[in-house]
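Notes for the one structure printed next.
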Amino acid sequence: MKRILAIPFFLLFLAFVGCEEDKEQTARIVEDFNKDWKFQKGAHPEAAKVAFNDSEWRSLSLPHDWSIEGEFSEDHPTKPEGGALPAGEGWYRKSFKVDEAWKDKAVKIEFDGIFRNSEIWINGHSLGIRPNGYISIAHDLSGHLNYGEEENIISVKVDNSEQPNSRWYTGSGIYRNVRLIVTGKLRVDQWGTFVTTPEVNDESAMVNLELNLKNDFDAQKRIKLVSRILDEDGNEVANSETSQNIDANGTIKLDQNFEVRNPKLWDTENPYLYTVLTKVYDEEELSDNYKTPLGIRYFDFDAESGFSLNGKPSKILGVNLHHDLGALGAAVNKNAIKRQLRLLKEMGANAVRTAHNPPAPELLELTDKMGFIVQDEAFDMWKKKKNDKDYHIFWDEWHEKDLKDLIKRDRNHPSVMMWSIGNEIREQFDSTGVEITRELVDIVKAIDTTRPVTSALSENIPEENYIYQSGALDLLGFNYKHEDYEKFPEWYPNEKIIVTESASAIATRGHYDMPSESLMYWPPAHNEDFDGNDDYTVSAYDHVAAYWGATHEASWNAVKKRDFISGLFIWAGIDYLGEPLPYPYPARSSYLGVIDLAGFPKDSYYMYKSEWSDEDVLHIFPHWNWEEGKEVDVWAYYNNADEVELFLNGESLGIKSKKGDELHVSWRVDFEPGKLKAVSRKNGEVILEKEIHTADEASDIRLSADKESIQADGYDLSFITVDIVDKDNNLVPMADHMVEFEISGGGKIVGVDNGYQASEEPFKANYRKAFNGKCLVIVQSNREDETIKLKAKSNGLNSTEIEIDVEE
């Protein structure tokens, strides 16, 4: 397994996009290092040695999560709370060559995340360990490489065997991207720029660029910095040049200042991005170049009026997201993250909280481009544990470095507007919380003073919360207990407030228990027994919540009517692996999202869309396949209208309008088969019409792809929805057919799902049972430039096929 990663140096002239930049030399090479790895589960300490024979190991590409490939079992030490999937230890190795020309260069490797307890070797030399599975890692390889025809061996040990170590699914392995970076020996240090906009108005923006520079030569050097700010079209809008001496093997910090005239401001509707392009010269020879994203914006949190962006009052309409990608597990894929964010954006969301750990860099690249506000969170626990083997074990030795690295890595993203130092930290209940909070805030402020620091607090009584009593937080985050919000101005005078977790309402897509007005808490407080459903489902009407939470409507109303609350983050945006409350195994993923694990919206999604989006909304539910004469509760979410009229087989069942705090209207209807139709009107004019038909027997499979064309890059994905339909193309709402898939051409199946939280079917398969009429198959490019053909078949149904174009 040999791969040439470097080509003759005179050919290493890569291009920047935009204006004359495409004609200029670049001195920084960024090499995708994901392909051609070897992997083996288990303990293999000899694999750290160069001479180790890995020829029998599995070949694969990164990112890779070995846990998601396993079988579900309640006996796994991860427990259902951790996804009921295997963990353990695994090893990775990669052989590669580098060009002789790199001898005089600085070469480093970056891992965006390894879960967890990793140790990395290059040619038998240990580069170090890192327990934290969510933090990015960088190592200098320059002094340990072989050049020319002699191979280099990189070995990585990943040890996720100590369990349980998380309250949700973590995955196992090198699950984020890896790259090699080559520069001259005069260079921008790791995460070595910090761009800020200290003054912004409509006419002008003052921009400051702080640079940390490194000299790897054994002699003093004269360094020249030339930085240019480019707009989205690549046009230069400002520039600065600086020169200074830098000591042998030393580092320096320099500042450059710019003025951008008539700036285009970044906001959630128009997330305009500039780029700061910095070139580092050794005298007149280009040694490094570095890109820093720049979004020009200003924002404020106010104790009375809440949040404003660029001077405009605005609610933060956010969701909490865990890091897994459903059937893909923890293995990062930018296309999958983009699909999640697109669904949330269409709902009207404008913010994400990275619950409860540093996110993948790709998430922040996308939130910058797509217009999301981010609360970037560091820790789920401090010194006091939540699980026996969680991060508290490493706290004393690693928390300072981990927090510093997070802030340095993410501080240039304009979407990041808050730092969170913890979630429901147990030190809030004793005096140690005062000291630790102050320490963590000081660490953040030593690196970045431009963003508020918060922590998600579960204790909202001021006298009983020691994190609050530290006086160090800029912004108070509170989880749940919405009935107390009205008291906050009295309890927390002059404090800025945001709801870091709201709702914790639970549901299974497409399942409905009646009567719908009966409010249920599953699980109830104090571990009391409750009458759940035998099939581990939860009703999708908004009437079931965990005992600490509330319905979506109650939670949103409590924030909506109070200007002093800056906004909220729903728990949760999307179902995630692990934490399957209220049920025991075989439940193994959460019920808490407004979108299910396969990416199919639940009904509550449309409540938020009707409230948060300007798009016209009329959503009626449930399905219309019931026993004759059964009383069925019909709900409608709507907006931009005064009323909704419901018809059954052409007969009006009455007109309803929302009253007071109501966010939906409803009817109780004696079921008869046929057509249920809703019409929303404003001032007598029809806004929208929606119909639901009683489905006949299932006869066909309907395939629809979110992308009909993908890139032949080995990464791009198409998410294909599989619907079981009748002869008239109506979804059959209770269909549970086993669907088998066959694929050919330039793609492969990388995941299947149906959103059912208690399914024990594997995610890595070429089959899946439909759940409530639907399932999902995820197709990925296999790097071949050939049309993908996916065929779906099931006993008793007509087969069907879909084609996905593949582009170079």
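The values are calculated or read from the model by the stated rules, or taken from the named source; none is laboratory data. In this text the structure is predicted, and so the values were computed from the model without any measurement. FYI the Cβ positions are ideal-geometry reconstructions off the backbone, even for glycines, and counts take in every protein chain you see. The area values use the complete protein model at the heavy-atom level, side chains included, leaving out ligands, DNA and RNA. Shrake-Rupley method; radii C 1.70, N 1.55, O 1.52, S 1.80 Å.
Summary table
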item	result
Close Lys-Lys pairs in the stretch 71-191, where close means Cα under 19 Å and separation is 8 or more or interchain	8
Inverse of mean 1/r across different Cα pairs in the stretch 333-460, Kirkwood, Å	15.4
Equivalent ellipsoid semi-axes, the stretch 596-693, via Cα gyration tensor eigenvalues times 5, rooted, Å	21, 18, 12
Qualifying trypsin sites (Lys or Arg not before Pro) for the stretch 604-658 [loop in DSSP, other Cβ within 10 Å: at most 11]	Lys630
Rough spin-label spacing in nm, given labels placed 7 Å along Cα→Cβ, for Asn208 and Thr787	5.8
Pair Asp713, Arg58: separation of 7 Å Cα→Cβ label points (nm)	2.5
Sulfur and carbon atoms: percent of accessible area, the stretch 565-668 [1.4 Å]	44
Linear extension gain, Lys264 paired with Glu284, 0.36 nm per residue minus alpha-carbon span	3.8 nm
Rounded FRET efficiency, nearest 0.05, which uses the C-beta distance separating Lys560 from Lys630 and R0 of 35 Å	0.50
Net +/- balance of residues flanking Gly82 in space, Cβ distance below 14 Å, scoring K and R +1, D and E -1	-4
Gln220 versus Asn640: modelled label distance in nm, points set 7 Å from Cα along the beta carbon direction	6.7
Heavy atoms of Ile620 accessible to a 1.4 Å probe, total area in Å² rounded to 10	10
HN-Hα J in Hz across the stretch 677-691 - Karplus 6.51, -1.76, 1.60, θ = phi - 60°, x for Gly and Pro	10, 10, 10, 9, 9, 10, 6, x, 8, 5, 9, 9, 10, 9, 10
Sequence of Asp513, Asp300 when ordered by accessible area, the most exposed leading, probe 1.4 angstrom	Asp300, Asp513
Förster-model FRET efficiency, 41 Å R0, Ser704 and Ser657, C-beta, rounded to 0.05	0.75
Projected area averaged over orientations for the stretch 383-458, convex hull of C-alpha atoms, nm²	5.3
Cα-based Kirkwood hydrodynamic radius, the stretch 152-229, one decimal, Å	17.9
Calculated SAXS-style log₁₀ I(q)/I(0) at q = 0.11, 0.20 Å⁻¹ - the stretch 304-379, Debye, Cα scatterers	-0.29, -0.87
Equivalent ellipsoid, the chain (semi-axes from 5 times Cα gyration tensor eigenvalues, Å)	45, 32, 27
FRET efficiency, 1/(1 + (r/R0)^6) with R0 60 Å, evaluated for Glu517 and Ser126 via beta carbons	0.45
With DNA, RNA and ligands ignored, accessible area of Thr694 (1.4 Å probe; Å², nearest 10)	40
Fraction of the pair-distance distribution of the stretch 658-706 above 16 Å, Cα-Cα pairs, percent	67
Residue-count net charge about Ser55 - beta-carbon cut-off 12 Å; Lys, Arg +1, Asp, Glu -1	+1
Pairwise Cα inverse-distance average, inverted: Kirkwood Rh of the stretch 520-618 (Å)	14.7
Exposed chymotrypsin sites (Phe, Trp or Tyr not before Pro) absent - longest run of the chain, DSSP non-H/G/I/E/B, at most 13 other C-beta within 10 Å	14-529
Within the stretch 108-141: backbone nitrogen closer than 14 Å to the Ile447 label point (7 Å, Cα to C-beta)	134-138
The stretch 457-517: GluC sites (Glu not before Pro) in DSSP loop, at most 13 other beta carbons within 10 Å	Glu517
Accessible area per residue, Å², the chain with all protein chains present, probe 1.4 Å	39
Extension gain, Ser243 back to Asn201 (0.36 nm per residue minus Cα-Cα distance, nm)	12.1 nm
Apportionment of accessible area to carbon and sulfur, the stretch 53-113, percent (1.4 Å)	39
The chain: relative contact order as a whole-number percent, Cα under 8 Å and 6+ apart	9
Protein accessible area in the stretch 468-516, 1.4 Å probe - carbon and sulfur %	42
Length gained when the stretch Glu149-Asp614 is fully extended (0.36 nm per residue, less Cα-Cα span)	161.3 nm
Among beta bridges that DSSP assigns inside the chain, antiparallel share in %, nearest 5	80
Bins of 10 Å from zero: percent of alpha-carbon pairs in the stretch 242-367	9, 28, 28, 22, 11, 1
Whole-Å distance, taken between Cα centres, linking the stretch 516-558 and the stretch 289-327	30
